[in-house]
2 protein chains.
Amino acid sequence: MNDVVGALDGIKVLDFSRVFAGPAAAQIFGDLGADVIKIEAPVGGDEARHLGLTEGTDPRLGVSASYLALNRNKRSIALDLQTPAGRDVACRLIEKSDVLLHNFRPGAMTKWRMDYPAMSARNPRLVYGEFFAYGPSGPLRDFGANDLALQAHSGLMSLTGEPDRPPVRVGSAIIDLHGSLAMVSAVLAALLSRERTGKGQRVEASLLLSSAHLVNYFYSEYWIDGVVRKAMGTANHLSVPNQVFPTADGNVVIIAPSDAMWDRCARALDAELLDRPEYKTVRDRQTRRAEVIEAISSVTRRLPSHEIVARLGAVKVNVAKLNNIGEAAEHEQLQAAGGVASFEFGGETVKAVSSPFRLEGTPTQVYRAPPQLDEHRDEVLADFGYAGDEIANLAANGAFGAPAPARKTGTKA
Amino acid sequence: MNDVVGALDGIKVLDFSRVFAGPAAAQIFGDLGADVIKIEAPVGGDEARHLGLTEGTDPRLGVSASYLALNRNKRSIALDLQTPAGRDVACRLIEKSDVLLHNFRPGAMTKWRMDYPAMSARNPRLVYGEFFAYGPSGPLRDFGANDLALQAHSGLMSLTGEPDRPPVRVGSAIIDLHGSLAMVSAVLAALLSRERTGKGQRVEASLLLSSAHLVNYFYSEYWIDGVVRKAMGTANHLSVPNQVFPTADGNVVIIAPSDAMWDRCARALDAELLDRPEYKTVRDRQTRRAEVIEAISSVTRRLPSHEIVARLGAVKVNVAKLNNIGEAAEHEQLQAAGGVASFEFGGETVKAVSSPFRLEGTPTQVYRAPPQLDEHRDEVLADFGYAGDEIANLAANGAFGAPAPARKTGTKA
């Protein structure tokens, strides 16, 4: 069903996951050329379709921006896993697939007899990817959690904020998204291993492991030296300057960790004020942190951001303008770097962020817009060898959700 | 040199990268069983070895915590790529390796005749991984940048902080670390592709693509609806409660996005105060945001964090304690989830964070502590077929750094 030759061409991925980390991982497999089938609950489907939408505020496209951000290159089929018929279909799909992803709570797949031991018995080549909040064992295994919970639990939040003010969250679901790449890495490693062994395996990612990886060097520092770092606004403990400075029309970050870079920075901004013997070394600038920062600020406040970026960029000092989301999304560098994917949806051209890498020989591509719920039921089932009368029979047994308008029965297996 | 059968057993990785994203990626390959060779500048080596260390403040282990966090499962050889002899050695190693990683500025590898066209001509199976700041082309291609610069450029910083106060940085180098997993994903996908095609390829990751992926749904929202989100402290626009609340002894996050979860939350905390008809629906709670938050806070301020976590956890409401770095690193869940790796270094057992996933069939392992600079020169060169007199000749020509008479030779087998 796709003629793109991607790195994962021919790989079939069944994605039972919802909301963020799982769908984000599945989309990357799709971008790489895998055939990704999104298996959704018949009523409402992936909750991300409606995330942040309330009655009366639906955007014109009918689904949320986050759904459109993370669900291209997939087909959708609705299966009611609460019914034996729905699970039968799921198992038959799993038998003929390479990768399964899910983020059900620990125990759900076992209850449904779709856990790894059961599925690998029917398909030993299966790579079975499980997303957890805190992992499948340990004292917090049954705790629900989301990105924000792990920002708090992991200590990331304790590092983020102004000194002596309340902690703040990272404004984006970075632990989910980092977890998605962790799962992609694990699944690809397992597929590589399968090339040699012929066997699949169970792999897992979790918000906990993702969050710990994102603060790994802080844990190391604590374990080695007992240091507990705290939030420092936009600064950090490594060097000065290495933070935000106000400009005449906004903010910039200036980073000059080495003495040579500081030297160029000072001369490019205001030699008289900044190129002074008492600021020459890293040690000097750390000792006089407040004074150095105020001196730099007194210069930057007089200049527009673009002027500071131009001056410092020209002398190879790390500098960047603090953009808002719109400025960042529209910056031509993003397009130039291959960061924008686009597709047709609801009669419009919709832009989205590409997978965060480029493969020159087998480039990622967009060959399919995000699916409507259950859009590909017949097509997917035909691919997996179902005949028309079988499908009708499954439908009558509730495999795809309520078989009749009035249905309200049999919600549990 | 290692008898662990990991998913990447038999894969040789040459890592020319420094500091964060590259070494973090290489470590994951090592955890997966690849033979990772870290190629460092003869003077000082990877700058991360000394990051944050200044004279007189060296920790007892002699290298930085961040170096120890990201460099296990590697061997080290020092090569001076400024010399023809050093580059000759590098090229001979590249000829017999599977993966190369580097994060030199655009153009450096071409100047040294070690770019992808040159190297693939000598080793068509090579997967050549390049890390960039903003990518190899486009208006910002020559700008230097680091994690903080991309936090600012990408708009992530504009989402992070208290409302109506200055933006703050995410306290950890999350764009670097996310970029490391992007590179791992790209390289593994390219290795899988090679299984079918027999050919390697050039792949790339960048801080720009990493940062864009971390805020992808905000860009989508902007592109689709023109919305420019701003920082909201620990709250977000999706639901109430979904943020930090003060407790008698610290802080917790409470997340109850659905009405059913709110119902359980309200009754578990204080039914009389919170289980009220005017707070029943998501819409109600968003309309009365300030009032609801104050009502919840008036309850949480009276209770210790552990009590709130226990009560809400018991009724399946998402809740977490806001830990500092020490509390998070020591929490037994991290160990239970497989999040802790350890090794012997400098006569001590050193703990570090594991790779952010688990593979049941081919588990990650620690088989080597982070190397000393140039620790494995003789061993690595022997592996690649160099004879003793060749090595002496290369040394005389500066391949391994200034051929000073006083050099300590042959420190490791």
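Observations on the model:
- Scanning segment A:313-331 for residues that are out of contact with any Lys or Arg (no Cβ under 6 Å at 6 or more places or on another chain), surrounded by 18 or more Cβ atoms within 10 Å (Cβ to Cβ) and touching a residue at least 24 places away in the same chain (Cβ under 8 Å) yields a total of 5.
- There is no residue in segment A:50-62 that is at pLDDT 95 or above and farther than 14 Å from A:Pro370 by Cα.
- Take the conditions (1) at the interface with chain A (Cβ under 7 Å from one of its Cβ atoms); (2) touching a helix residue (DSSP H, G or I) at 6+ places or on another chain (Cβ under 9 Å); (3) without any contact (Cβ under 8 Å) to a residue 12 or more places away in the chain; B:Asn236 misses just one of them, which is (1).
- Residues (surrounded by 21 or more Cβ atoms within 10 Å (Cβ to Cβ) and under 24 Å from A:Leu156 (Cβ atoms)) located in segment B:265-308: B:Cys265, B:Ile296, B:Thr300, B:Ser305, B:Ile308
- Residue within segment B:82-96 that is polar (S, T, N, Q), assigned by TED's automatic domain parsing to the domain that holds B:Asp147, in contact (Cβ under 8 Å) with a residue 12 or more places away in the chain and closer than 30 Å to A:Ala256 by Cβ present: yes
- Check on A:Ala173, over 30 Å from B:Arg169 (Cα atoms) and hydrophobic (A, V, I, L, M, F, W, C): no
- Output for segment A:1-36, where each listed residue is modelled with pLDDT of 95 or more and on the phi > 0 side of the Ramachandran plot: A:Gly10, A:Gly33
- When the criteria are applied in full, A:Ile28 meets the requirement of being part of a helix (DSSP H, G or I), buried (at least 24 other Cβ atoms within 10 Å of the Cβ), in contact (Cβ under 8 Å) with a residue 40 or more places away in the chain and in contact with a helix residue (DSSP H, G or I) (Cβ under 8 Å, 6 or more places away or on another chain).
- Residues in segment B:133-162 that are more than 7 Å from every other protein chain (Cβ to nearest Cβ) and surrounded by fewer than 22 Cβ atoms within 10 Å (Cβ to Cβ): B:Pro136, B:Arg141, B:Asp142.
- B:Glu348 within 9 Å of chain A (Cβ to nearest Cβ), under 32 Å from the mean Cα position of the chain (by Cα), under 20 Å from A:Arg169 (Cβ atoms) and acidic (Asp, Glu): no
- Exclusive hit being at pLDDT below 95 and facing another protein chain (nearest Cβ under 7 Å), set A:Val203, A:Val168: A:Val168
- Residue in segment B:172-189 that is hydroxyl-bearing (Ser, Thr, Tyr), more than 7 Å from chain A (Cβ to nearest Cβ) and without any contact (Cβ under 8 Å) to a residue 40 or more places away in the chain present: no
- In segment A:199-233, the qualifying residues are those that are of a type in the set (Val, Ile, Thr) and surrounded by fewer than 24 Cβ atoms within 10 Å (Cβ to Cβ), and the one that is farthest from B:His50 (Cα to Cα) is A:Val228.
- Any chance A:Val43 is under 24 Å from B:Ala212 (Cβ atoms), part of a loop (DSSP other than H, G, I, E, B) and β-branched (Val, Ile, Thr): no
- Residues that are under 28 Å from A:Ser172 (Cβ atoms) and touching an Asp or Glu at 6+ places or on another chain (Cβ under 6 Å) number at least 1 in the following helices (runs of 4 or more DSSP H) confined to segment A:70-160: A:147-153.
The values are calculated or read from the model by the stated rules, or taken from the named source; none is laboratory data. This structure is a prediction, so every number in the text was calculated from the model and none was measured. Every residue, glycine as well, gets a Cβ built from its backbone with ideal geometry; the counts of neighbours run over all protein chains shown.
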